[in-house]
Amino acid sequence: MNNLIVSPSILSADFSKIVEDVKSIENANAKWVHLDVMDGIFVPNITFGPKFIKDLRKHSNLYFDAHLMIENPEKYIDEFAKAGCDGICVHYEATKHVHRALQMIKATKKDVGISITPATSVDLLIPVLSEVDQVLIMSVNPGFGGQTFIDYSLEKIKQLHKLKVENGYKYKINCDGGISTHNIRKLREAGIDVVVTGSAFFGAQDREAFIKEMYDKGNF
Ligand code: DX5
Ligand code: ZN
């Protein structure tokens, strides 16, 4: 398995020197940056919105991977698209009309993503799997960095991978929360394509060496 994508989450960056921290992602040879948008309602934390992303867009050519942890995300999809996100991922639990929200993302020509929290079953996503470019499995409860990986997430990834192979779906499988060099191998064996890493990346002594180790362990 080649071409592991690592998507460092700026939730663990220093917002007072955000451009420098985002440059460190590029310098470390990661290709994506994960943007955790939180509204204080869907999750017990608040981060940033489209204006912040729009401003950051001028400073980076990374793939902007937006993870919207906000209620009624359909209200803001156009704003996030205009801000320059490349992929927009909404939560299954955050809208009454998941299919409509996904169609709205598709209409912006951005990559369409759906995410589930640890207590939500993959089975609930089956009707929309043919519509999405990315499925993001949360392996911690959303809201904060630095939490412990929930092991049964691996079963969800295996199930999604099986569904993908059996049906010829094209989505990337992404996992978010508690990921580092110690569990990347297991995640890849389960069928993951993209991993988010926040505290492990920004806490690493040598960020480039950290990403290299993720690729070394994850590409086999
Ligand atoms: C949590 C966020 C994650 C978070 C991951 O709600 O969605 O993207 O930044 O952080 P770590 O890698 O520290 O678990
Ligand atoms: Zn995230």
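The values are calculated or read from the model by the stated rules, or taken from the named source; none is laboratory data. As the structure is a computational prediction, the values presented were derived from the model and not from experiment. With ideal geometry, Cβ positions are generated from the backbone for all residues, glycine too; neighbour counts draw on all protein chains shown. For the accessible areas, the whole protein counts, side chains as well, though only heavy atoms, and no ligand, DNA or RNA atoms are used. Shrake-Rupley method; radii C 1.70, N 1.55, O 1.52, S 1.80 Å.
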Share antiparallel - DSSP beta bridges, the chain, percent rounded to 5: 5
Over the chain, with neighbouring protein chains present, the accessible area per residue in Å² at probe 1.4 Å is 45
Using Cα springs under 10 Å in a Gaussian network model of the chain, which residue among S153, S121, S12 shows the largest mean-square fluctuation? S121
About the Cα centre of the chain, how large is the charge dipole given +1 on each Lys and Arg Cβ and -1 on each Asp and Glu Cβ? Please answer in debye to the nearest 20. 420
Return P(r) of the stretch 5-218 (all Cα-Cα pairs; 5 Å bins starting at 0; whole %; ordered from short to long distances). 1, 7, 17, 21, 22, 17, 11, 4, 0, 0
Return a whole-number percent for the relative contact order of the chain, with Cα pairs under 8 Å and 6 or more residues apart as the contact set. 22
So how much slack lies between F220 and E26, counting 0.36 nm per residue of separation and subtracting their Cα-Cα distance, in nm? 67.6 nm
Theoretical FRET efficiency, 1/(1+(r/R0)^6), r = Cβ-Cβ of D86 and D123, R0 30 Å, to 0.05: 0.60
